[in-house]
Amino acid sequence: MIEHMFEDTRLEESAAAAPRGYPCDVYVSSFEEQAALVALLRTRPDGLSWPELTTRVRDEASVERVIEDLQPSQGLFPDPEFADALAVAEKDVHAWNSEGLTFLTILDGRYPASMRDIHQAPPFLFTRGELRESDPGISIVGSRDASPTGLKIAEAVAIAAVEDGLSVISGLAAGIDTVAHTTALRDGGRPVGVIGTGIRKAYPAANRELHSEVAERGLLLSQFWPDAPPQKHTFLMRNATMSGYGLATVVVEAGEHSGARAQARIAVEHGRPVVLTDLVLERTQWAKTLEGRPGVTIASSTQDVIDAIRQIRAADDSINDAIRSLVSA
């Protein structure tokens, strides 16, 4: 049985207390659960993909039960391949904890609730910085090679988000991302950086200091192994995560084949509002295709973008108030 593989229990790591800002009964993944998930993802029983394994773990609410279902019966002896993978995973998780990285499984109570039920929910997250139980924010995305007009719009939108108490969510690329985060930091807001590399990497290298500032004063988040390099597909995966984390996505300026295009499309699939500026609508065919879709707003001015964000926030607050009323009734 699978429990025989978890006898080397590290009590000091599995009995974690509820983090600051969370209810005292929030569930924190144990060391064993973290290591088991890492081993499961690395061995991929039956050739299952990460999304398939993630769905099973989420639906079963247990990594151990998924492993038991997928591993062939060996009596008292565990599958050798999985046992070896588990031993390596235990060493890795211990090293990550010692390094000060926060490693969240999808079952962890600190895993962002807004992301848990999206189709592309990552099986785990690495974070640096402050996790919050409730973290309403707006994703501000766009071109690395943005125009002066685009940069001004990004700055104005970030200023408004900070004024309204919203986190500023973006990648950490040059251009729009950098302006969004530096504005949030300058104005005392909360930046949330969602990166397309491992948490130990800073990409581009020119933004290494910005990475550190975002982690120190906000939150840095990665869905990849700590040393994962930058690759095209990882940035597309990052865009899906950014969409899931935020209340809405604002695309300030983007090209025909940019990552922002993918994020806008995925946000529509997630049922998240999308705000596109005239800069995007005038220059890309994909924006014209999205125009008129439910939840998609075309903003003809910076103030239109800000007004749209405030309407989205008000609608979200109303929904949350209604849910709280039902729960307390």
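Which of ASP307, ASP108, ASP227 ends up with the largest GNM mean-square fluctuation for the chain, with Cα atoms connected below 10 Å?
Among ASP307, ASP108, ASP227, the largest GNM mean-square fluctuation belongs to ASP227.
Once the Cα atoms of helix 232-245 and of the chain are each reduced to a long axis, what angle between those two axes, in degrees from 0 to 90 to the nearest 10, is obtained?
Compared with the principal axis, the helix lies near 80 degrees.
Hey, what did the stretch 164-228 get for relative contact order, percent, Cα under 8 Å, at least 6 apart?
Working: 114 pairs, mean separation 22.8, N = 65.
Computed value for the stretch 164-228: 35 percent relative contact order.
How large are Rg and Dmax for the chain when only the alpha carbon atoms are used, in Å?
So, for the chain, Rg and Dmax equal 20.7, 67 Å respectively.
In whole Å, what are the extents of the stretch 147-229 along the principal axes defined by its C-alpha atoms, from largest to smallest?
So the three principal-axis extents are 35, 27, 19 Å.
Taking amide hydrogens as modeled 1.01 Å from N in the peptide plane, which residues meet the under 5 Å criterion relative to ALA299, leaving out close sequence neighbours?
LEU276, THR277, ASP278
Based on Cα positions only, what radius of gyration and what Dmax would you give for the stretch 75-202, in angstroms?
According to the Cα coordinates of the stretch 75-202, Rg and Dmax are 18.6, 66 Å.
Below 8 Å between Cα atoms, with a sequence gap of 6+, how large is the relative contact order for the chain in percent? Before the final figure, lay out the partial values.
Values: 585 pairs, mean separation 44.8, N = 329.
Here the relative contact order equals 14 percent.
Mean residue ellipticity at 222 nm from the helices of the chain, using -39,500 (n - 2.57) per DSSP H segment of n ≥ 4 over the full residue count, to the nearest 500 deg cm²/dmol?
Details: 14 runs with 162 residues, N = 329.
After summing the helix terms and dividing by residue count, I get -15000 deg cm²/dmol.
From zero outward in steps of 5 Å, how is the percent of C-alpha pairs of the stretch 137-320 spread across the bins?
Result returned by the calculation: 1, 9, 19, 23, 22, 14, 8, 2, 0.
Given 0.36 nm per residue, what is the gain on full extension from ASP317 to ASP59 after removing their alpha carbon distance, in nm? Write out the running numbers ahead of the final one.
Working: separation 258, 0.36 × 258 = 92.88 nm, distance 2.80 nm.
Working it through step by step, the gained length comes to 90.1 nm.
Rank VAL26, VAL274, VAL214 by mean-square fluctuation in a GNM of the chain with C-alpha springs under 10 angstrom and give only the top-ranked residue.
VAL26
Under unit Cβ charges (Lys, Arg +1; Asp, Glu -1), what dipole magnitude, rounded to 20 debye, does the chain have relative to its Cα centre?
Values: 31 positive and 47 negative charges, 232 e Å.
Computed about the Cα centre, the dipole is about 1120 debye.
Just how many % of Cα pairs in the stretch 126-167 lie over 13 Å apart, if you round to the nearest whole percent? Working shown, then result.
On the way: 536 of 861 pairs.
Summing the P(r) tail past 13 Å for the stretch 126-167 gives 62 percent.
Please give the direction-averaged projected area of the C-alpha convex hull for the stretch 223-307, in square nanometres with one decimal. Could you put the intermediate results ahead of the total?
On the way: hull surface 23.1 nm².
With the hull built on Cα positions only, its mean projection is 5.8 nm².
Using Cα centres only, tell me the gap between the stretch 32-49 and the stretch 204-272 in whole Å.
25 Å
Tilt of helix 259-270 relative to the longest C-alpha principal axis of the chain, in degrees (0 to 90, nearest 10)?
Long axis of 259-270 versus the principal axis of the chain: about 70 degrees.
Report, for the chain, the % of DSSP beta bridges that are antiparallel, rounded to 5.
Details: 8 of 29 bridges.
So the antiparallel bridges amount to about 30 percent of the total.
How far is helix 31-43 tilted, in degrees, relative to the longest principal axis of the Cα atoms in the chain, given as a value from 0 to 90 rounded to the nearest 10?
Computed tilt is about 80 degrees.
How far is it, in nm, from the label point at ASP117 to the one at THR289 when both lie 7 Å from their Cα along the line to the Cβ?
My value for the distance between the label points is 2.8 nm.
³J(HN,Hα) across the stretch 132-146 via Karplus (A = 6.51, B = -1.76, C = 1.60, θ = phi - 60°), whole Hz, x for Gly/Pro?
Once θ is set to phi - 60°, the couplings for the stretch 132-146 become 10, 4, 10, 9, x, x, 10, 7, 10, 9, x, 5, 5, 9, 6 Hz.
Every number here is computed from the coordinates shown, using simple stated rules; none is lab data. This one's a predicted model, so the numbers in the text were calculated from it and none came from an experiment. Glycine gets a Cβ as well: all are built from the backbone with ideal geometry, and neighbour counts include every protein chain shown.
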